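Read the structure below first, then the notes.
The values are calculated or read from the model by the stated rules, or taken from the named source; none is laboratory data. In this text, all values refer to a predicted model and were calculated from it rather than measured experimentally. Reconstructed Cβ throughout: ideal geometry from the backbone, glycine too, with neighbour counts over all protein chains shown. With ligands, DNA and RNA removed, areas are computed over all heavy atoms of the protein, side chains included. Shrake-Rupley method; radii C 1.70, N 1.55, O 1.52, S 1.80 Å.
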Amino acid sequence: MGASKNPHDDISEVLLNEETIAARVKALGAEITAAYPGNDELVLVSVLKGSLVFVGDLMRAIDRNVRIDVMEVSSYGGGNTESSGTVRILKDLSGSIDGLDVLIVEDIIDTGLTLNYLTSYLAGKNPKSVRIVTLLDKPARRIAELPVDWTGFEIPDKFVVGYGLDFGEHYRNLRYVGVLKRELYASIIGEA
Ligand code: 5GP
């Protein structure tokens, strides 16, 4: 798929550096801690694989008791860089969320179709509440309106990788969020 040996060479622009992300995640953790006073169980539902890195940092910035569960979903039908709105659950929750506060931890909201599906799916499992935290938001591309409770950063309509986000399963381990060079995915979106 044309990825370079050195992943940094495939990035056209660093959008958010490590320090910027760390400061924002710390602030989000403090806000989330304040929003859930008391000792009721809070379940962080990490949406794999993109939110892996974010949830790892965010959970350590939340100063209260939490439980972690993971779901893996795939949007399919479109190309590699487009969400289709048809969501398939590859891995469901391991524990019950009946009567519990749930916080969905997402990497990025683009059209909103994936999370739209996921919130109604989780709401059907009788939780006490369902809220959403996303590291990144591309509001320009929203199709499904969603009540997003916490957003790390609003970003322009560019395809980004790093800090958990991939392209063809590469780049997740970059410590920053960067824009992927367009020529690497142009063929997939029909530009080349
Ligand atoms: P939505 O259903 O909101 O359109 O899409 C959400 C999913 O699409 C994300 O969880 C992510 O997997 C993928 N996605 C959307 N935009 C980007 C992007 O800029 N970079 C990467 N790596 N994935 C994206």
Report yes if ASN65 is open to solvent by 10 Å² or more (accessible area, probe 1.4 Å), in a loop (DSSP other than H, G, I, E, B) and more than 21 Å from TYR176 (Cβ to Cβ), otherwise no. yes
Output for the range 106-133, where each listed residue is within 9 Å of the ligand (Cβ to nearest atom), modelled with pLDDT of 95 or more and of a type outside the set (A, V, I, L, M): GLU106, ASP107
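Per-residue answers, yes or no, for (1) closer than 26 Å to ALA23 by Cα; (2) open to solvent by 60 Å² or more (accessible area, probe 1.4 Å); (3) assigned to a loop (DSSP other than H, G, I, E, B):
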position	(1), (2), (3)
PRO127	no, no, yes
PHE153	yes, no, no
ARG175	yes, yes, yes
VAL179	yes, no, no
Name every residue in the range 159-170 that is surrounded by 19 or more Cβ atoms within 10 Å (Cβ to Cβ) and more than 8 Å from the ligand (Cβ to nearest atom), in order of residue number. GLY162, TYR163, GLY164
So is LEU103 open to solvent by less than 40 Å² (accessible area, probe 1.4 Å), among the aliphatic types (A, V, I, L, M), under 13 Å from the mean Cα position of the chain (by Cα) and within 13 Å of the ligand (Cβ to nearest atom) or not? no
Failed item in (1) within 25 Å of ASN6 (Cα to Cα); (2) part of a loop (DSSP other than H, G, I, E, B); (3) out of contact with any strand residue (DSSP E or B) (no Cβ under 6 Å at 6 or more places or on another chain), with ILE143 passing the rest: (1)
Which numbered condition trips up ILE143, out of (1) over 16 Å from the mean Cα position of the chain (by Cα); (2) within 10 Å of the ligand (Cβ to nearest atom); (3) open to solvent by less than 30 Å² (accessible area, probe 1.4 Å)? (3)
Could you check the range 106-140 and list, in sequence order, the residues that are within 15 Å of the chain's Cα centre (by Cα) and among the aliphatic types (A, V, I, L, M)? ILE108, ILE109, LEU113, LEU115, LEU118, ILE132, VAL133, LEU135, LEU136
Looking only at the range 8-35, and only at residues there that are in contact (Cβ under 8 Å) with a residue 60 or more places away in the chain and over 21 Å from the mean Cα position of the chain (by Cα), the one that is surrounded by the most Cβ atoms within 10 Å (Cβ to Cβ): ASP10
